[in-house]
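Working notes for the structure below.
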Amino acid sequence: DQTSSPASADGDQTSSPASADGDQTSSPASADGDQTSSPASADGDQTSSPASSPIPDISYRGENVGERHSNLWVLHNVTLSLESRHILCLLGPSGCGKTTLLRIIAGLERPDRGKVLFDGTDMARIPPHRRRFGMMFQEFALFPHKNVFENVAFGLRMQKLPREEISRRTGEMLALVGLDGFGRRGVHTLSGGERQRVALARSLAPSPRLLMLDEPLGSLDRPLRERLLPELRQILKEIGITAIFVTHDHAEAFAMADVIAVFDKGRIEQMDTPENLRKSPANRTVADFLGVRHDVMRET
């Protein structure tokens, strides 16, 4: 499992909107530094979810989620929502709060204020292992003593599924990621791209309601990343899963996402489609980060 890696952010917090819990007051703060264990804040509205799919239709919503460390807020009134079967990318520089928000959604950290809602259910009292959320990390975290089949089947065995179901589902996932026939291979014999596919297959095998990917291609060289990005998006779209993808790389975000949330200093500066972000950045911060001309900024 990923160790605690909260983010630190800096910026002033003034009178903040009330949290979904109803206990938000003005909470000034500023902080800067690398991502470390700390609080976060988010709120948002939820649109209706599409109809049936191979996995349960879900919708994610964050409401006034906030977390702080040593009286410094690292996420400030973050508000976002995500429709079923969509891919949301959290895009921003290192230390801006992206991974902290991801860990709060996963249940690995508790926010100091606000709510995380999933399909209308408050997740506050639901432990991480009962949320049925999948996570994929940059390091892949494969078991070196297990072969490819055993790595992919791990989550299914934890669910205590029948042997036949485990075998069938594992085979389906390996075929989906283009590794049919790799089951008996040791993970030490695989290339970086093949390991990435095994990690993806293992994350998808238990049929998670939400898949969270934290810089999943960060350890690969750029040519391989550029080749795998469209394949990764195609796989996620093919199975109709809802996903949150964290990256600091513009190219990855624009290649993967249906919607991008641009982060800076613990705040979402703009949440929009890739096309609209390019055409109409909301402010100078977004324009500078994306490298677009200031004169195309939307009027505020």
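The numbers here are math on the coordinates, done by the rules we state, and not lab data. In this text, all values refer to a predicted model and were calculated from it rather than measured experimentally. Neighbour counts run over all protein chains shown; Cβ positions are idealised from the backbone, glycine included.
Annotations for the structure displayed:
- Every Cα-Cα pair of region 94-245 was included, and the share exceeding 24 Å stands at 35 percent.
- Kirkwood-based shape ratio for region 165-230, expressed as Rg/Rh from alpha carbons: 0.97
- Distance between the pseudo-spin-label points of Arg284 and Glu226 (7 Å out from Cα toward the beta carbon): 3.3 nm.
- Sites Arg293 and Ser219, calculated FRET efficiency, Cβ-Cβ separation with R0 30 Å, nearest 0.05: 0.35
- Close amide H partners of Asp264, meaning residues 5 or more places away or on another chain with modelled amide H under 5 Å apart, are Glu269.
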